[in-house]
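Chemist: Please see the structure below; I have some questions.
The values are calculated or read from the model by the stated rules, or taken from the named source; none is laboratory data. As the structure is a prediction and not an experimental result, all values here were calculated from the model. Positions of Cβ are backbone-derived with ideal geometry, glycine not excepted, and every protein chain shown enters the neighbour counts. In case anyone asks, the SASA skips ligands and DNA or RNA and just uses the protein heavy atoms, side chains included. Shrake-Rupley method; radii C 1.70, N 1.55, O 1.52, S 1.80 Å.
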Amino acid sequence: MSEVHFNHKRLSNHILIGLVLGLVAGIALNATVADVPWVRSFVIDGVLEVVGEVFIRFLSMLVVPLVFVSLITGVSSLSDPKKLGRVGGKAVGLYMLTTGIAVSLALLAAIVVQPGVGANPTEVVEREIAAQPSFGQVLIEMIPRNPVQAMAEGDMLPIIIFAVLLGLSIAISGAAGERISRFFADFNEIIMKLVGFVMLLAPYGVFALICVLGATTGWDTFVGVLKYVVLVIVVLILHAAISYSLLLKLLAGLNPLTFFRKMRAVLAFAFSTASSGATIPVTLRTVEKRLGANNRVASFTVPLGATINMDGTAIMQGIATGFIAQYYGVDLTVGQYLMVILMVIMASIGAAGVPGVGLILLAGVLASVGLPAEGIALILGVDRLLDMTRTAVNVAGDATVTCIVAKSEGELDEQTFAEFSRDD
């Protein structure tokens, strides 16, 4: 059977069109008939909610099998198992570096702009924030007691550990390992085809997700914290456009414009779903097929990044800390700002995979510098929009690190990265 051909440019454009139309339609519904009972129940909570949720479920359906099979395929194909240690070390080091840059930029922006001075939020949302697990407990939970249970629960770090160990075992098992390796390589190709089919649903899913957001979020939610919202979005965009571009150019000699052009559909996915995990299938397919990263590197760095890379979250935490401190009239010292930077960098691994990790970490950061955790309620009303934006930045960071590590290991096809077909 011949390979199914996808027009990437057309699909990317359709996704972006779906995003814009969804936002316009959602705002129009919000301003006109969103409060009409049958519109709310049938159109917004019915049709649109169902279409958006079905799309996310299709993506989520692919995450565990894709990560598991792709990791086994990549690790089992390594001729030198020591290479995995180098790849892992480089990836973790780069993820920590970009997180440190992100939170530093955020704190600097918060100090200069002072978004919390004069803020008077019109809507304060109450929400219980779970406690952050200890670093030791996270290390213990990384080792799966039951791999099948970890897969059923979508617990990514245990899945990564198990897949890496199984892949290494296959690599050193001789003829038996070669037979199993070929099976997983074929299985991986089939799953990537399935990812391509799911991507065809993206414009409709993106439209529905964004339309629901626009139809259900009132303008009064943003008024009191407008300066905070704008500042977070601006710093997120600057970090992605400047920090990642410099890293790609300086560390790998790659063209940032080419990178972002080929990543635009993935960023739209990430923005719409607000989930790095749900975007893994699309990210992995793009970095391999469009950016030229070999599966031996991408299969490890992309799932790892979706789990521990928190650049967008770090920016939110840094600005939120400044916002809450200024709102309560508390002047933080240089030492306290340095404490925030250190905590965010270290916690990005320590709280990996924890649901609601951004708010959990923020509660810990506030406590470390003597600020009331109740301040989180001031910004909860706008967290959904900012979560979508910072997820897009996180995913861009995952792909950036993957390209850099792949280039350093000689596992990046630069011709694939640079070339543009008619589909582009």
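Chemist: Looking at region 45-81 only, could you name the residues that are among the polar types (S, T, N, Q), touching a residue at least 24 places away in the same chain (Cβ under 8 Å) and either surrounded by fewer than 16 Cβ atoms within 10 Å (Cβ to Cβ) or within 24 Å of Gly410 (Cα to Cα) (or both)?
Modeler: Correct list: Ser70, Thr73, Ser76, Ser77.
Chemist: Filter region 379-392 down to the residues that are open to solvent by less than 10 Å² (accessible area, probe 1.4 Å) and within 26 Å of Arg285 (Cβ to Cβ) and list them by number.
Modeler: Answer for region 379-392, where residues must be open to solvent by less than 10 Å² (accessible area, probe 1.4 Å) and within 26 Å of Arg285 (Cβ to Cβ): Met388, Thr391.
Chemist: Within region 279-291, how many residues are open to solvent by less than 10 Å² (accessible area, probe 1.4 Å) and either in contact with a strand residue (DSSP E or B) (Cβ under 8 Å, 6 or more places away or on another chain) or of a type outside the set (S, T, N, Q) (or both)?
Modeler: 6
Chemist: Related question: In region 1-44, which residues are open to solvent by 90 Å² or more (accessible area, probe 1.4 Å), at pLDDT 80 or above and part of a loop (DSSP other than H, G, I, E, B)?
Modeler: Thr32
Chemist: Between Asn309, Asn294, which is open to solvent by 10 Å² or more (accessible area, probe 1.4 Å) and touching an Asp or Glu at 6+ places or on another chain (Cβ under 6 Å)?
Modeler: Asn294
Chemist: Test Leu338 against the criterion of being open to solvent by less than 40 Å² (accessible area, probe 1.4 Å), modelled with pLDDT of 75 or more and either hydrophobic (A, V, I, L, M, F, W, C) or over 17 Å from Ile324 (Cα atoms) (or both), and give yes or no.
Modeler: Judged against the criteria, Leu338 is not a match.
Chemist: Go through region 249-261 and count every residue that is in a helix (DSSP H, G or I) and over 19 Å from Ala306 (Cα atoms).
Modeler: Residues flagged as in a helix (DSSP H, G or I) and over 19 Å from Ala306 (Cα atoms) within region 249-261 amount to 8.
Chemist: Please work out which residue is least open to solvent (accessible area, probe 1.4 Å), limiting yourself to region 138-182 and to residues that are among the β-branched types (Val, Ile, Thr) and at pLDDT 90 or above.
Modeler: The selected residue is Ile170.
Chemist: Could I ask something else about it? With Ile345, Ile376, Ile324 as the choices, which residue is open to solvent by less than 10 Å² (accessible area, probe 1.4 Å) and modelled with pLDDT under 85?
Modeler: Ile376
Chemist: With respect to Ala185, determine if the residue is farther than 21 Å from Ile379 by Cα, at pLDDT 85 or above and in contact with a Leu (Cβ under 9 Å, 6 or more places away or on another chain).
Modeler: no
Chemist: Identify, by number, the condition in (1) modelled with pLDDT of 85 or more; (2) in contact with a helix residue (DSSP H, G or I) (Cβ under 7 Å, 6 or more places away or on another chain); (3) not polar (S, T, N, Q) that Val67 doesn't meet.
Modeler: Val67 satisfies every listed condition except (1).
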